[in-house]
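K.L.:
Dropping a structure here in structure tokens format, bear with me for questions.
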Amino acid sequence: MIRDEPSRTHAALSLVAWSTVVVVAHAQPPPPVVVEGGADPSGQVYAWRLVNRSDKPVARIAFPHFHADLFTPPPGWGQDCTYLVNQGVPDRPGVCEAVAPEGGWPPGATADISMRIAVSGAVRAPGRITITFTDGGVAHIDGVELPQAPSNLERFVPLLAFGAVIVIVLIRRALRRVTNVAKSDARSTGGPPHPCDRNNQRSGDPCRGDHHAPGSSGFSSNETESE
């Protein structure tokens with residue numbers, strides 16, 4: 001019985017530790033506002049559905065953005081946006097706020113909010129929206145899919161890829177030009193003229209049919225010299 005005491009103690013400590021983890025996990029409060037949704041397959045339109053799970057009304061909901069040109073809050077709500085894509089507007093990240101009517105967005109209510117992206121360049125990534133309650137309290141909701149500005153690496157990767165393609169094309173053209181020049185030189189120089197070339201035949205050349213061996217008289221063996 002004494003030998004089993006350490007094992008029982010270890011099991012009891014493990015049970016206590018597990019119970020503590022479960023209690024801490026359940027002790028974490030749920031988010032005051034539940035947010036679902038994000039970008040559509042094209043990546044040009046973002047739509048979210050929000051549910052106020054808190055016990056107090058909401059005054060404003062702020063959505064960060066990049067390259068948005070249209071923000072649509074729920075009917076009857078106002079809006080306040082910065083750096084929407086327009087002529088003369090700096091190309092930088094902005095924020096769009098949906099402003100609830102007087103009295104706020106009540107607990108338990110649902111709201112649909114959407115945003116349209118004007119041009120390419122924004123990346124889909126989880127971000128943070130900010131909830132402001134009518135009593136001045138603020139809550140942050142993380143993990144919401146938002147149109148965000150690309151990082152420096154993401155900005156330069158397309159340029160580097162394009163530059164690599166240009167370099168490959170130039171190298172291929174240079175190699176093709178060198179090959180064509182080499183072939184042209186080979187055709188123009190050729191080898192030494194053949195001795196039997198028609199342009200090089202002269203009287204007495206071995207390629208001509210009218211030559212005779214040295215010492216020959218020029219008559220065949222059947223011919224007799226006339227007297």
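K.L.:
Just order 29-42, 56-69, 90-103 by mean Cβ neighbour count inside 10 Å, highest at the front, would you?
P.N.:
Working: 29-42: 13.2, 56-69: 20.9, 90-103: 15.4.
Descending packing order for the listed peptides: 56-69, 90-103, 29-42.
K.L.:
To the nearest 20 debye, what charge dipole does the range 30-149 have about its Cα centre, counting +1 at the Cβ of each Lys and Arg and -1 at the Cβ of each Asp and Glu? Don't jump to the answer; show the numbers that get you there.
P.N.:
On the way: 8 positive and 12 negative charges, 25 e Å.
So the dipole magnitude of the range 30-149 works out to roughly 120 debye.
K.L.:
Now, a different point. Averaged over every viewing direction, what's the projected area of the C-alpha convex hull for the range 30-149? Give it in nm², one decimal, please.
P.N.:
Values: hull surface 28.6 nm².
Orientation-averaged projected area of the Cα hull: 7.1 nm².
Read-outs: derived from the displayed coordinates by stated rules, not from any lab. The shown structure was predicted, so the numbers you read here are calculated from the model rather than taken from an experiment. Glycine also receives a Cβ, built like all others from the backbone with ideal geometry; neighbour counts cover every protein chain displayed.
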